[in-house]
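Novice: Sharing a structure, written as structure tokens. Questions coming.
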Amino acid sequence: MIVQADFIKKIKDFGLNTYEAKLWTALLSRGVSTAGELSDIANVPRSRSYDVLESLEKKGFIIMKIAKPIKYMAVPPTEVLERVKKRIKESADEQEKTIEELKDSKVLTELSLLHTQGIETTDPHDITGSIKGRHNIYNHLDYLIKEAKKNVIILTTEEGMLRKYEHLRKTFKKAKERGVKITIYTPLTKKSDSILSDIQKVADVKPTDTKGRVCIIDNSQILFMLNDDQSTHPSFDLGVWVQAPYFGNLLSSTVVKHTK
């Protein structure tokens, strides 16, 4: 049985490796079969077939029939899908429980102390970094806003404002509830009319013709983007993060002054 490589890649979304995907699809085509037959059909080495079939059985994809020779029966794909979903959910719940337990553990306390002491002894010139990819940029911005104590100033494009609100609306809301003032300076057109009222519930939105992409947190941490978001693929967007209170104060006052 010849199975297209693209099809095998899609089957891997079920959490299978290449050999597992090949043997499972081979068994689906037969219904019931022996390890030797499946090895020949799927072009999987016989020396690996039994281990792979055992793995598929543990994952709930197949059932082993007690017979001589031993035969295997495929579980219907719809049932397999439900089992995969259940396994993923159970794994996620267990990981979430572990992470929640870490919040109150001595390990986190010691790690936080280690980080604080490390920052205190770090040369200010070292507290900077480059961040590649819009997803990673938003993750770092999310972290910075969660740590904000007083204010967040964002200068961005209209599309950038809409994207940030989509990704960070919960973080914006929680920051406002903590008393953090969020101000967004951006060009405004009819494109944002439908959602502008929602954004204004968590941030002051002020129209401006000034072009730029920069975020300033508590006048001390700056995240600015080096590329034009209109001509840059999200994967290649590049941000630079700097922790510099003197520069942060100067930049925030400049943004406010020139965007009025």
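Novice: Within region 239-249, is there a residue that is more than 23 Å from the chain's Cα centre (by Cα) and among the small types (Gly, Ala, Ser)?
Specialist: So the first thing to find is which residues in region 239-249 are more than 23 Å from the chain's Cα centre (by Cα), and the list is 243-249.
Filter again for among the small types (Gly, Ala, Ser), leaving 244, 248.
Yes; the residues of region 239-249 include at least one that is more than 23 Å from the chain's Cα centre (by Cα) and among the small types (Gly, Ala, Ser).
Novice: Conditions first: (1) modelled with pLDDT under 90; (2) exposed (fewer than 12 other Cβ atoms within 10 Å of the Cβ); (3) small (Gly, Ala, Ser). Ser197 passes all but one, so which condition is the exception?
Specialist: With (1) modelled with pLDDT under 90; (2) exposed (fewer than 12 other Cβ atoms within 10 Å of the Cβ); (3) small (Gly, Ala, Ser) applied to Ser197, the lone miss is (1).
Novice: Here are the criteria: (1) modelled with pLDDT under 90; (2) in a helix (DSSP H, G or I). Tell me which single one Ile63 does not satisfy.
Specialist: Evaluating Ile63 over (1) modelled with pLDDT under 90; (2) in a helix (DSSP H, G or I) leaves (2) as the failure.
Let's see how each residue does on (1) part of a helix (DSSP H, G or I); (2) among the small types (Gly, Ala, Ser); (3) closer than 19 Å to Trp24 by Cβ:
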| residue | (1), (2), (3) |
| --- | --- |
| Glu57 | yes, no, yes |
| Leu81 | yes, no, yes |
| Lys89 | yes, no, no |
| Ala92 | yes, yes, no |
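Novice: Also, I was wondering about something else. Given the conditions (1) closer than 30 Å to Glu90 by Cβ; (2) in a loop (DSSP other than H, G, I, E, B), report the number of the one that Pro69 does not fulfil.
Specialist: Among (1) closer than 30 Å to Glu90 by Cβ; (2) in a loop (DSSP other than H, G, I, E, B), Pro69 violates only (1).
Novice: Identify, by number, the condition in (1) touching a Leu at 6+ places or on another chain (Cβ under 6 Å); (2) under 18 Å from Tyr143 (Cβ atoms); (3) surrounded by fewer than 16 Cβ atoms within 10 Å (Cβ to Cβ) that Glu177 doesn't meet.
Specialist: (1)
Novice: May I ask you to verify whether Ile41 is assigned to a strand (DSSP E or B), assigned by TED's automatic domain parsing to the domain that holds Ala21 and in contact (Cβ under 8 Å) with a residue 12 or more places away in the chain? First the steps, then the outcome.
Specialist: On the way: assigned to a strand (DSSP E or B): no; assigned by TED's automatic domain parsing to the domain that holds Ala21: yes; in contact (Cβ under 8 Å) with a residue 12 or more places away in the chain: yes.
Against the criterion (assigned to a strand (DSSP E or B), assigned by TED's automatic domain parsing to the domain that holds Ala21 and in contact (Cβ under 8 Å) with a residue 12 or more places away in the chain), Ile41 does not qualify.
Novice: With Asn249, Asn227, Asn219 as the choices, which residue is in a loop (DSSP other than H, G, I, E, B) and under 19 Å from Lys149 (Cβ atoms)?
Specialist: None of the others qualify; the one that does is Asn219.
Novice: A further question follows. Do you know which residues across region 137-154 are hydroxyl-bearing (Ser, Thr, Tyr) and touching a Lys or Arg at 6+ places or on another chain (Cβ under 8 Å)? Steps first, answer last, please.
Specialist: Our first condition is that a residue be hydroxyl-bearing (Ser, Thr, Tyr); within region 137-154, this holds for 138, 143.
If the condition is that a residue be hydroxyl-bearing (Ser, Thr, Tyr) and touching a Lys or Arg at 6+ places or on another chain (Cβ under 8 Å), then Tyr138 is the only one that fits.
The values are calculated or read from the model by the stated rules, or taken from the named source; none is laboratory data. Because the structure is a prediction, the values reported are computed rather than measured. Virtual Cβ from ideal backbone geometry, glycine too; neighbours counted across all protein chains shown.
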